[in-house]
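Colleague: The structure that follows is given in the form of structure tokens.
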Amino acid sequence: MHIVLGTDHAGLDLKVQVGDFLRGVGHDVSDVGAHGFDAQDDYPDFALLVAKAVSSGSVERGILVCGSGVGASVAANKVPGVRAAMCHDTYSAHQGVEHDDMNVLCLGARIVGIALTTEIIQAFLGASFSREERHLRRLNKVLAIEKAHMSQGG
């Protein structure tokens, strides 16, 4: 699977470990940064890069890391076509894909370590959208909200 990976300074160490893990299990990884520690960088910049890659279809999924995972999630969800969620457990990671067609996983480097992170990532990447009628109905409602607000300019 082709995955885009990004972080701000708070998640740099975890992002490096995640990239190594993903490559080690055979995934193609596009790393949009940060590539070095800069205490002045901002998570929205990297969230935008990841979200644009997912939204454009140039990658299949995205993984964002910041201090808590919250800011990255908020920022990524501003890009149409992106369904990002912070998940710090395996159930939410696979259920978010299966029920909600989540395509960007957000993680908090100050919350989870690498062992749990790899389990969460495996759950996220191993899941597929169920396409059950109730999930499609709900997703279509979410997409309608997105479309309505895009046409209104926000």
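Colleague: Criterion first (of a type in the set (Ser, Thr, Tyr) and surrounded by fewer than 20 Cβ atoms within 10 Å (Cβ to Cβ)) does residue 92 satisfy it?
Modeller: yes
Colleague: Which of the residues belonging to the range 1-51 are in contact (Cβ under 8 Å) with a residue 40 or more places away in the chain, farther than 23 Å from residue 79 by Cα and aromatic (Phe, Trp, Tyr)?
Modeller: Passing the criteria: only 21.
Colleague: Could you list, ordered by first residue, the pairs with Cβ atoms under 8 Å in which the first is in the range 101-112 and closer than 15 Å to residue 1 by Cβ and the second is among the aromatic types (Phe, Trp, Tyr), at least 6 apart or interchain?
Modeller: Filtered contacts from the range 101-112: 102/124; 105/124.
Bear in mind that the values in this text are calculations on the coordinates, not laboratory data. This structure is a prediction, so every number in the text was calculated from the model and none was measured. Neighbour counts are summed over all protein chains in view; Cβ atoms, including those assigned to glycine, are modelled from backbone coordinates with ideal geometry.
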